[in-house]
Amino acid sequence: MEKLTILYEDNQIVVAIKPQNVPTQADESGDGDMLSMVKAYVKEKYNKEGEAFIGLVHRLDRPTGGIMVFARNSKSAKRLTEQFKTHEVEKVYYAITNGVVKIKNQTLVNYVKKNEKENIVKIVPMGEQGAKKAELVYNVLDNNGSESLLEVKILTGRSHQIRLQLSNIGFPLVGDVKYGKATGRTGRLGLWAGKLSFVHPTTKQRMTFLACPDESVQPWDKFNMEKYLSR
């Protein structure tokens, strides 16, 4: 099982880094998952009897790594969930695309629908039954002649949103088997949740966390990630 990296903890929340290719919660694969890892960490550290309560208030797709916040009690879970629902939480992702993105700043708005059986999301007409609005804003940070590094802010939070919307404009993410050109198991997806900002559920102070992916592994070795995350 992956080693758990804790960025912050108190008696209300735990902020940790989800490694790439680790599920947010248990699924049919039976692989170690982030929620179970955090529960085990809290149980061991605080000598809790039985299973520790950890509230899951948001998710990251399995191939996506980065910062997650977990609640340590039901009151904090409710307050954090409400922040995600009302878009008070700022989520910033870093994406590496195939190809050089020419338009430096752009807002992408589509309507999407998820096929739960196939676990794939498609862009559909606005009026189609079950269609949900997906909106994001990207800013190009750099390119190396064949790939681009983008800072992406999602304004809606739909499943697979960044992967689908960037692929739709001709720039699929590096390593994306589902929405891009990659085939088979190609390693890490070029998507990282590098910044998370929210209001603490009890102190009411805004907290902002930054985390850089491992620049020694692909595709994060292609750009100076630390430079952009420390701006």
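The values are calculated or read from the model by the stated rules, or taken from the named source; none is laboratory data. All figures in this text were calculated on a predicted structure; none of them were measured in a lab. Quick reminder, even Gly has a Cβ in these numbers, built from the backbone with ideal geometry, and neighbours come from all protein chains shown.
Determine, yes or no, whether residue 191 is farther than 21 Å from residue 227 by Cα and at pLDDT 95 or above.
In short, no.
Looking at the range 120-138, which of its residues are in contact (Cβ under 8 Å) with a residue 24 or more places away in the chain and not basic (Lys, Arg)?
Listed by number, the residues that qualify are 120, 121, 123, 134, 135, 136, 137, 138.
Hey, could you check the range 57-80 for residues that are surrounded by fewer than 17 Cβ atoms within 10 Å (Cβ to Cβ) and in contact (Cβ under 8 Å) with a residue 24 or more places away in the chain and say which is farthest from residue 155 (Cα to Cα)?
73
If only one of 18, 113, 3, 39 is loosely packed, with under 15 Cβ neighbours inside 10 Å and among the basic types (Lys, Arg), which one is it?
Going through 18, 113, 3, 39 in turn, just one is loosely packed, with under 15 Cβ neighbours inside 10 Å and among the basic types (Lys, Arg): 3.
Quick check, is residue 105 surrounded by fewer than 16 Cβ atoms within 10 Å (Cβ to Cβ), out of contact with any Leu (no Cβ under 9 Å at 6 or more places or on another chain) and at pLDDT 95 or above?
For residue 105, the condition - surrounded by fewer than 16 Cβ atoms within 10 Å (Cβ to Cβ), out of contact with any Leu (no Cβ under 9 Å at 6 or more places or on another chain) and at pLDDT 95 or above - is met.
Taking the range 21-36 only, how many residues are touching a helix residue (DSSP H, G or I) at 6+ places or on another chain (Cβ under 8 Å) and either β-branched (Val, Ile, Thr) or loosely packed, with under 15 Cβ neighbours inside 10 Å (or both)?
4
What pairs come out if I take residues in the range 15-38 that are closer than 17 Å to residue 51 by Cβ and pair them with residues that are of a type in the set (Phe, Trp, Tyr) and modelled with pLDDT of 95 or more whose C-beta lies under 6 Å away, six or more apart or interchain?
Short answer, once both residue conditions are applied: 38/70.
If you check residue 39 against the conditions, is it on the phi < 0 side of the Ramachandran plot and modelled with pLDDT of 95 or more?
Yes, satisfied.
Restricting attention to the range 175-188, does a residue exist that is closer than 24 Å to residue 218 by Cα, surrounded by 22 or more Cβ atoms within 10 Å (Cβ to Cβ) and of a type outside the set (S, T, N, Q)?
yes
For the range 147-162, enumerate the residues that are under 14 Å from the mean Cα position of the chain (by Cα) and either surrounded by fewer than 20 Cβ atoms within 10 Å (Cβ to Cβ) or in contact (Cβ under 8 Å) with a residue 60 or more places away in the chain (or both).
Correct list: 151, 152, 153, 154, 155, 156, 157, 159, 160, 162.
Can you tell me which residues in the range 139-163 are outside any loop (DSSP other than H, G, I, E, B) and charged (D, E, K, R)?
Within the range 139-163, 142, 147, 151, 153, 163 qualify.
Looking at the range 189-231 only, could you name the residues that are in a helix (DSSP H, G or I) and not hydrophobic (A, V, I, L, M, F, W, C)?
Passing the criteria: 221, 222, 226, 227, 228.
Among the numbered criteria (1) among the charged types (D, E, K, R); (2) surrounded by 20 or more Cβ atoms within 10 Å (Cβ to Cβ); (3) over 19 Å from residue 162 (Cβ atoms), which one does residue 49 miss?
With (1) among the charged types (D, E, K, R); (2) surrounded by 20 or more Cβ atoms within 10 Å (Cβ to Cβ); (3) over 19 Å from residue 162 (Cβ atoms) applied to residue 49, the lone miss is (2).
Out of 127, 170, which single residue is over 19 Å from the mean Cα position of the chain (by Cα), assigned to a loop (DSSP other than H, G, I, E, B), modelled with pLDDT of 95 or more and of a type outside the set (Val, Ile, Thr)?
Just a single option satisfies the conditions, and that option is 170.
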